[in-house]
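Below: one structure, written as structure tokens.
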Amino acid sequence: MKPLSGVRVLDLTNVLAGPFCCHQLAHFGAEVIKVEAPGRGDLARNLGADPELNARGMGVSFLAQNAGKSSVTINLKHEKGKELLKRLVKTADVLVENFRPGVMDRLGLSYDELRGENPSLVYCAISGFGQEGPWVNRPAYDQIIQGLSGVMSITGEPEGAPLRVGYPIADTLGGMTAAFAISAALNAPKRGCFLDVSMLESMIATMGWAISNYLIAAVEPSPQGNENITSAPSGTFQASDRPINIAANKDEQWELLARHLGRADLLSVPDYATREDRKRNREALKLDLESVLKSRKAEEWVGELNALGVPAGEVLSVPEVLKTAQVVQGGLVDHFTAVPGVGRDVNIVRTGVKINGTTPKVATPPPQLGQHNAEIFGGIGVNSVELAELDAEGAI
């Protein structure tokens, strides 16, 4: 099932937030045409942990977010390039861009201009701070947004914060928010709108639980390390071989945990009598529980506690979780053989959704720069002679 089958998306984005958004749309069946600058393309083509692939313009960062897309090259500063984009817009349902606010206006390719070509166009602009406001002209990268959003101020140990989240969460959440908004806009009875997606506001919106403690209860969020601020014992504990997460958030779970560890005596300790008592004395409680947990391996505790109804799980590394039967059998990782421009097989992550029990997948690997110029431009009436002329003139 491909819910977005028949939807054409023009992806004018770079690096992560925009490409991630369009990657999600591609998995749900949209035809995504990546519009890249001639000669260089998406900056992510030169980013990632493999220098050889970066030099080939097929960097790991690009491969991660661009499977299932076509690639064409258009010089948006060239008049013929602008006209070519407008011709594509007439055939499109969605356009996504993540330039700084004002760039598309200066190019003569604003929403108002493109709406004249296609009144039903869903135009999505992703930026750090949105299209208006005192910060509109600030440059925005993931780490900048993490800091400004308050996320870093509540991440890490109390004595070690502020701390950055270990992956580009602001870019990813901005892209996910954009994909959600686009999907909603496509469902409107009458299509055609401008979507202004702010990475900053996307981040803050996902912090609703923490922020509400401040807005409603006047309690300022603070870093809690690996502890769950809402309950105790709920956090990370040390087993004999590795850390383990235990979430005994209900009173009955706390009682089951204490009894299973052979520490029923803790249930009569006044400092642990209620959830609020346990929260206030969580450090002492952690030591009491770890005195037993450290005697056995995490995997053993996890199996036993989950069976009792006390949520628990090992703290795994990325390689470890990718090897688990849960992830392998779920089909989250896709495999492409001998990818052109890469020269070897490539594995990528799909999307975290199943439709009727099946994980959506795309049919094609990440494209080489301009790989589909002849195919896509030919589809809007550009013949081989015109294609050669556009190339020679630097329009594509």
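Derivation of every value follows stated rules applied to the coordinates shown; laboratory data play no part. Worth saying up front: this structure is predicted, and the values here are computed from it rather than measured. No Cβ is skipped: glycine too gets one built from the backbone with ideal geometry, and neighbour counts run over all protein chains shown.
Apply the a/c threshold of 1.5 to the C-alpha gyration tensor of the stretch 1-109 and tell me whether it is rounded, prolate or oblate.
oblate
With no solvent and one equal point scatterer placed on each C-alpha of the stretch 225-282, evaluate the Debye formula and give log10 I(q)/I(0) for q = 0.12, 0.15, 0.25, 0.27 Å⁻¹, two decimals.
Log-scaled intensity ratios, in q order: -0.26, -0.41, -1.09, -1.21.
Report the far tail of the P(r) of the chain, meaning the percent of Cα-Cα pairs longer than 29 Å. Working shown, then result.
Details: 42247 of 78210 pairs.
Everything past 29 Å amounts to 54 percent.
Whole Å is fine, so just give me how far the alpha carbon centre of the stretch 354-396 lies from that of the stretch 202-280.
Value for the Cα centre distance between the two parts: 52 Å.
Two decimals is fine: what's Rg over Rh for the stretch 109-248, C-alpha atoms, Kirkwood radius as Rh? Before the final figure, lay out each step's value.
On the way: Rg = 19.4 Å, Rh = 17.6 Å.
Result for the stretch 109-248 is an Rg/Rh of 1.10.
Rg to Rh ratio, the stretch 195-294, alpha-carbon atoms and Kirkwood radius?
1.10
Name the shape class, rounded, prolate or oblate, that the alpha-carbon gyration tensor gives for the stretch 46-139, where a ≥ b ≥ c are the square roots of its eigenvalues, rounded holds for a/c under 1.5, and otherwise prolate holds if a/b is larger than b/c and oblate otherwise. Could the numbers behind the result be given before it?
Working: a/c = 2.04, a/b = 1.37, b/c = 1.49.
Judged from the Cα gyration tensor, the stretch 46-139 comes out oblate (a/c at least 1.5, b/c at or above a/b).
Quick one: give the max-minus-min coordinate of the C-alpha atoms of the stretch 284-332 along each principal axis, largest first, in Å.
41, 23, 17
Share of Cα-Cα pairs in the stretch 10-63 beyond 16 Å, in percent? Walk me through the numbers before you get to the answer.
Working: 586 of 1431 pairs.
Looking at the stretch 10-63, the distances longer than 16 Å represent 41 percent of pairs.
At most 15 other Cβ atoms within 10 Å and a DSSP loop assignment: could you name the GluC sites (Glu not before Pro) in the stretch 126-212 that fit? List each step's numbers first, then the result.
Values: sites: GLU132, GLU159, GLU201; in loops: GLU132, GLU159.
Here the sparse-neighbourhood loop sites are GLU132, GLU159.
If you count, for each residue, the other Cβ atoms within 10 Å and average over each peptide, how do 65-73, 318-326 line up from highest to lowest?
Working: 65-73: 24.2, 318-326: 10.3.
Ranked from most to least packed, the peptides come out as 65-73, 318-326.
Determine one quarter of the surface area of the Cα convex hull of the stretch 262-396, which equals its mean projected area, and express it in nm² to one decimal.
Details: hull surface 64.6 nm².
If I average the Cα hull's projected area over directions, I get 16.1 nm².
Considering only Cα-Cα distances, which of the following residue pairs are longer than 27 Å: LYS34/LYS80; LYS69/LYS90; LYS86/LYS190; LYS2/LYS90; LYS34/LYS354; LYS80/LYS190? Provide the component values of the computation, followed by the final result.
Working: LYS34/LYS80 18 Å; LYS69/LYS90 19 Å; LYS86/LYS190 21 Å; LYS2/LYS90 23 Å; LYS34/LYS354 25 Å; LYS80/LYS190 31 Å.
Violating the 27 Å Cα-Cα cut-off are LYS80/LYS190.
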